[in-house]
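This report refers to the structure that appears directly beneath it.
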Amino acid sequence: MYIGLLRTMKNLDKKHTFKSMTVLMIIVFTLASCMGSDNIETTPECAITGFSVSSITSDVKTKKYDQYGHASDTLVSRTIYGSQIFFNIDQLNGHIYTVDSLPNWVDLSKVIANVNAQGNVYYKLQENDELYYPLNSGSTIIDFNKTVELLCESTDKLSKRIYKVDIYKHVGNTDTLEWEAITSDLTITGASKAFHIDGKVFVFAQNDHHQPVVTIAAADDASQWSTPTTIPVDNSSIVLFNHNFYGLGDDGYIYRSNPAQQATTWTKASNQSVERLLAADAYYLYAYDGTSIIGSSDLNTWTVDKAVDLDMLPETSINAITYPSGTNSNLQMVVMTGISSQNSKNGVTWCKSSTLDTSTNLPWAYIQVTPDNTYGMPHFDYPSVTYYNEALYAIGVENDAYAELYRSDDNGITWHPQSEKYPTPKDLKPVNGAASIVAVGKDLWIIQENGKVWQGSIQ
């Protein structure tokens, strides 16, 4: 290009030489600036504006148990749908990454990327490769086991941007779950809610007179429980927020108690009247006031959530779990499950992501059971959910049995039975009453109303 321009200069009349040299210098400086930078933005049409992947089907080795409890290895096909995988695009740093980690069984070697961009997109086969190859959105197969580098180039080829893409997934592969029956002096009735905090396990249930009570055990001793103490709030309404327990009184107001007070002393916490306490994360407490989901960080000022499908809010057996995102400790994932009279086939699941900045908060979303997602939570009796080993685990009575332990690796979007891999205790039977599940350190506890307690650990 430079040689051609110089030859042209030789053929110009002298009176045009100065003017042409000026034009040439402008062209040379422009080309030099484009060649000397990794991220050049001389035109605005050069950015990746949307990124997703198609559904990923993987062959997974798992253990299958026969009727005698003998295990054998078998291959099963599992699919995680593209609609379940969310990406964040950090334009400032040129980084595209999954909002949360994928299950460890997902095979990332043959992933189809879907890209929306202003300009043309290319990718590197290997990290140290000097060549880029055209990326055809929706058809190009890429190995995402390592960071993938993308190049976005404007259509006029004067601008380019480099993006690094990471698809994170959980590490480790656990494959056994063994239960130990604990002889305890626990005396509760009805469905319970259990919480592990400050080295103790708090269980909210009822006594023989159907009064709401709380009972406590040390996290290292499931056999010894405190005498159940009556409390002035609905035991099924309890949520944990900012290191305090909150419950709903008969008058429709929210009351608070501190774990240091053994959850036996309760005081009115808000003048806001609500119908249901729903959930809490690190930043907000959520409730339903009869018309909307509302949230508050201080229980004085409440903000209306822009959620829809409110007829599908859980009405009974409400469980709420919150945990940090695997990729951003400031981002909280919140999952809410329960039973709605509007859905007779499945339990209902809601989820949201939450940050302290209300402008970036997403509203609560109802996870629909659709032809693309047929793995909704079963319509359990007495459902109970906990977060353990970077996944959600749920138990409940299904077909008159505690036959299955269900797990969700995608923030409650899909639920899969684990009986072949993680069977429930053999003596866990509905005839002995409702049970709750809670993560206690490295263990799972199942607490049943007849006083039975099981401890299990996935190794």
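The values are calculated or read from the model by the stated rules, or taken from the named source; none is laboratory data. It should be emphasised that the depicted structure is a prediction, and the values quoted were computed from it without experimental measurement. Cβ placement follows ideal geometry from the backbone for every residue including glycine, while neighbour counts extend to all protein chains displayed. Protein only, heavy atoms only, side chains kept; ligands, DNA and RNA dropped before computing areas. Shrake-Rupley method; radii C 1.70, N 1.55, O 1.52, S 1.80 Å.
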Out of residues 5 or more away from ASP305 or on other chains, whose amide H comes under 5 Å of its own, with H placed 1.01 Å from N in the peptide plane? ILE293, ILE294, GLY295
Considering only protein heavy atoms and a 1.4 Å probe, what is the carbon-and-sulfur percentage of the accessible area of region 130-263? 48
Shape call for region 207-265, from the Cα gyration tensor axes a ≥ b ≥ c (a/c under 1.5 means rounded, otherwise prolate when a/b beats b/c, else oblate), comes out oblate
In degrees between 0 and 90, to the nearest 10, how far off the longest principal axis of the chain does helix 17-35 point, with axes built from Cα atoms? 30
Lys and Arg at +1, Asp and Glu at -1: neighbours of ASN120 with Cβ under 12 Å from its Cβ sum to 0
One quarter of the C-alpha convex hull surface, i.e. the mean projected area of the chain in nm², amounts to 28.3
Set the bar at 27 Å for Cα to Cα. Now go through LYS110/LYS157; LYS200/LYS452; LYS200/LYS306; LYS169/LYS442 and name every pair that lies beyond it. LYS110/LYS157; LYS200/LYS306
Charges at C-beta only: +1 for Lys and Arg, -1 for Asp and Glu. How large is the resulting dipole of region 415-457 about its Cα centre, in Debye rounded to 20? 60
Which whole-number percentage describes the relative contact order of the chain, with Cα contacts under 8 Å and a sequence gap of 6 or more? 12
Given charges of +1 on the Cβ of Lys and Arg and -1 on the Cβ of Asp and Glu, with all other atoms neutral, how large is the dipole of the chain about its Cα centre, in debye to the nearest 20? 1800
For region 93-200: relative contact order, % (alpha-carbon pairs under 8 angstrom, 6 or more apart): 31
Let me check I have the definition right: for region 223-355, take the eigenvalues of the Cα gyration tensor, multiply each by 5, take square roots. What are those semi-axes in whole Å, largest first? 23, 18, 17
In µm²/s, what is D for region 76-131 at 37 °C and 0.692 mPa s, where D = kT/(6 pi eta Rh) by Stokes-Einstein and Rh is the Kirkwood radius from Cα pairs? 235
Heavy-atom accessible area per residue, region 267-320, 1.4 Å probe: how many Å²? 44
